[in-house]
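The values are calculated or read from the model by the stated rules, or taken from the named source; none is laboratory data. Predicted, not measured: the structure shown is a model, and the values here were computed from it. We place every Cβ from the backbone using ideal geometry, glycine too, and count neighbours over all the protein chains shown.
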Amino acid sequence: MSLLATATPTTSAHFSAPLPPSSHAPRRSVAAPLRRIRRTRLVPVVASVPDPAVGPVEYTPWLIAGLGNPGNKYYGTRHNVGFEMVDRIAREEGIAMNTIQSKSLLGVGSIGEVPVLLVKPQSYMNYSGEAIGPLAAYYQVPLRHILLVYDDMSLPNGVLRIQRKGGHGRHNGLQNVIEQLDGRREFPRLSIGIGSPPGKMDTRAFLLQKFSSEERVQIDTALEQGVDAVRTLVLKGFSGSIERFNLVQKYKFHRV
């Protein structure tokens, strides 16, 4: 039986403690918490609330990766909003980003009772897959629990969208991730709209440009809304709440 695609709890005959916050986890033991939640056989619970008498509750972990470029040179640029989202999630959930593994800066913790691995690849945008692919394999995270967060020029600035799967949309970082996952595209993604280059402005120059003061306000608001959306996705999966979220985002700047 494959791993569950949502945060639906499962039961196990053996106790496995929830993943501890990364602030209490030494660097050398980052793999241990995620290993403890693996089981060769997971049994889905039919009831909405599990019976404590059946056994302890376990959850399939999530890998949440924001795409961007490392270094102060790229801090605050349009192409780095994926990094910003991961930083915001880490701050809100109390997860320390303090571990280096597989060309990535990692934070190990949980959202609610669900274990999560927050990832900021340090391999530069166009080679993001070289970091994310090995991590997903090492921690045995199923495709449906790999959430990529990245900038999207096809969306207005500050507009968010969550999808179950999709192509790369000519986004080099996303394309490299797909390549490193053997061409598989069936993983969720959170797109953060950054608008499109004005006039004949060079695309690369636009991506590496910082936001205007007005755009920055829109992005900061979007990051706050994105944290709530990620919580909902991790805890409830692709429920009606995500559909409503996408609809609200689509028309958030439309005036009646």
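Points to keep in mind about this one:
- Hits in segment 132-164 - residues which are in contact (Cβ under 8 Å) with a residue 60 or more places away in the chain and of a type in the set (G, A, S): A136, G158
- Unique residue being surrounded by 12 or more Cβ atoms within 10 Å (Cβ to Cβ), more than 19 Å from T77 (Cα to Cα) and modelled with pLDDT of 95 or more when the list is V227, V217: V227
- Of the residues making up segment 97-112, none is touching a strand residue (DSSP E or B) at 6+ places or on another chain (Cβ under 9 Å), over 24 Å from R204 (Cβ atoms), surrounded by fewer than 23 Cβ atoms within 10 Å (Cβ to Cβ) and among the charged types (D, E, K, R).
- Helices (runs of 4 or more DSSP H) (entirely within segment 189-256) containing at least 2 residues that are in contact with a Lys or Arg (Cβ under 8 Å, 6 or more places away or on another chain), closer than 23 Å to I89 by Cβ and hydrophobic (A, V, I, L, M, F, W, C): 213-236
- Restricting segment 117-133 to residues that are assigned to a strand (DSSP E or B) and within 12 Å of G68 (Cα to Cα), the residue that is farthest from the chain's Cα centre (by Cα) is P121.
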